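Below is one structure, written out as structure tokens; comments come after it.
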Amino acid sequence: MYCNKCGSYIPSKRTVCSNCGAPVPDPNAPAPVVEPEPEKRPNGIAVAGLVMGIITIVLCWFPGIPLLTGLLGFIFSIAGIAKKNARSKGAAVTGLILSIAGLILSVCALLALIIPGVTKYLAAAEEAKSQMSTMGLVWRTWIR
Ligand SMILES: [Zn+2]
């Protein structure tokens with residue numbers, strides 16, 4: 001056999017190279033097994049999470065819809081991240097961030113929409129109450 005290091009011929013039974021002194025590989029030792037990189041599985045759910053995250057960000061000002069897409073994006077992205085030996089992990093992480101950001105934004109947008117409405121409703125209710133009592137007063141005065 002030949003030396004791995006210098007390439008000179010080594011008679012069998014010798015354990016070191018007579019030329020350079022490098023140890024001779026044991027011919028009976030099993031060849032080192034190179035683990036083939038396992039092919040990564042496609043990760044459709046991660047891509048779905050990313051798409052949902054983008055939709056959530058784009059529609060975050062829209063009442064209702066982004067809450068649903070954000071929740072789906074959150075679930076899909078986590079499923080994509082959790083999927084073992086799969087591609088598109090980066091997409092899943094981006095989808096998760098976009099979904100969370102989109103959810104926060106859409107909740108803020110929803111609150112901005114609801115709060116003036118609630119204030120208006122309370123003011124209207126107060127107004128109605130005072131009108132009722134005025135009417136009651138008029139009614140009582142009238143039937144007397
Ligand atoms: Zn050698």
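Key figures for this structure:
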item: Added length on full extension, which subtracts the Cα-Cα distance from 0.36 nm per residue, Val93 to Ile65; result: 7.9 nm
item: Nearby lysines by direct alpha-carbon distance to Lys129 (threshold 26 angstrom, same-chain neighbours under 8 apart not counted); result: Lys120
item: Reach of Lys89 by Cα under 20 Å, taken over lysines that are not fewer than 8 positions away in the same chain; result: Lys40
item: 0 to 90° range, to nearest 10: angle between helix 65-82 axis and the chain longest Cα axis; result: 20 degrees
item: Total charge dipole magnitude, the chain, about the Cα centre, Cβ charges on Lys, Arg, Asp, Glu only, Debye to nearest 20; result: 140 debye
item: Inverse mean reciprocal Cα-Cα distance (Kirkwood Rh) of segment 86-144, Å; result: 15.7 Å
item: Equivalent ellipsoid, the chain (semi-axes from 5 times Cα gyration tensor eigenvalues, Å); result: 81, 12, 11
item: Förster-model FRET efficiency, 41 Å R0, Leu137 and Ile115, C-beta, rounded to 0.05; result: 0.80
item: Set of aspartates and glutamates near Lys13 by C-alpha distance (under 17 Å), chain-local residues within fewer than 8 positions excluded; result: Asp26
item: Percent RCO, i.e. relative contact order, over segment 44-143, from Cα pairs under 8 Å lying at least 6 residues apart; result: 32 percent
item: Cβ-isolated cysteines (cut-off 4.7 Å), the chain; result: Cys60, Cys108
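Every number here is computed from the coordinates shown, using simple stated rules; none is lab data. None of these values were measured; they are calculated from a predicted model. Here Cβ is always computed from backbone atoms with ideal geometry, including for glycine, and neighbour counts include all displayed protein chains.
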